[in-house]
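The structure under discussion appears below in the form of structure tokens.
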Amino acid sequence: MSNTWGTKVLKSFDSAAPHYNRAARLQTAMAWRLAGHCQRLPIPSGRWLDLGSGTGLLADAIEQRNPGRVVERIDGSPSMLAQNSRPTHTQQWDLNEPFLSGDDAPTLIASSFCLHWLSDPGTTLRHWFEYLAPGGWLVVALPVAGCFPQWHKAARQAAVPCSALRFPTTHALTASLPKQQIRHQQQLNFSEQASHITALLRPMQTIGAGTTARSALSVKQWRQLSTHWPDRSARGQVRLTWLIQLLVIER
């Protein structure tokens, strides 16, 4: 993805920042799940980072489960960082750019719903792993290939382009990581339902996650997509399923 893509993504999240927390239900649930993993790990003392922190949902959850700890919040969106509960512990940084190695390497890097927006998620994940202090931990979650099967199936059947974001595969994410250091990996399915596809997809637009590299569909194409949407409930509601990859890696 180009720098133009990154600018487009950040602009969308900037605009969504004031109402992000109210609409980010799945992101909030995953933040607490990741915080639970962090609470159970033997993380050495040192710097704890939330990369792609957004409004700080994950950092807040980690801090609440680990009283006395402060998590640094790092993100490319100034408007998102401005929503954080700890504004003095935020840093604006383009996460497509590598961090400079130094003596103050972090002992925890946590990240949720961030990597898939970056230019090369696999390379970035490897860089984050190498940036850790020895004995440090990398805990991440992100949507991966296999997300939104209903949307892809409807697009094929309706013969219209699928404008859903393309997610990285788990293999591409982990191919350059030392396999013996992956302490836990799990794929989680989450489904959402709504009365129609506009209501189903609206939350992604609301939180700024509706950016796509595909051209916008016409009204006619959206109607065709809706007609062919599979997996409807007995009450006629439509469903959308997320596939979330969780990784816990020790340095």
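Only the coordinates and a few stated rules stand behind these numbers; no lab work does. This structure is a prediction, so every number in the text was calculated from the model and none was measured. Heads up, the Cβs are rebuilt from the backbone with ideal geometry, glycines too, and the neighbour counts pull from every protein chain shown.
Data overview
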read-out: Ellipticity estimate at 222 nm from DSSP helix runs (n ≥ 4, -39,500 (n - 2.57)) divided over the chain, nearest 500; value: -10500 deg cm²/dmol
read-out: Theoretical gain in end-to-end length, Ala164 to Thr206 [0.36 nm per residue, Cα-Cα removed]; value: 13.6 nm
read-out: Residue-count net charge about Asp231 - beta-carbon cut-off 9 Å; Lys, Arg +1, Asp, Glu -1; value: +3
read-out: Two-site FRET efficiency, Ala216 against Arg25, from Cβ-Cβ distance with R₀ of 30 Å, rounded to 0.05; value: 0.75
read-out: D_trans [Stokes-Einstein, Kirkwood Rh over alpha-carbon pairs] for segment 1-50, 37 °C, 0.692 mPa s, µm² s⁻¹; value: 240
read-out: Dipole of the chain [Lys/Arg +1, Asp/Glu -1 at C-beta], most positive-end residue of Ala172, Thr212, Ile62; value: Thr212
read-out: Rule-of-thumb Rg ratio for segment 144-251 [Cα; 2.2 N^0.38 Å; N residues]; value: 1.25
read-out: Convex hull volume per residue in cubic angstrom - Cα atoms of the chain; value: 129
read-out: Charge tally in the Cβ shell below 13 Å around His89, where Lys, Arg are +1 and Asp, Glu are -1, His89 excluded; value: -1
read-out: Net charge of neighbours whose Cβ lies under 13 Å from the Cβ of Gly6, counting Lys and Arg as +1 and Asp and Glu as -1; value: -3
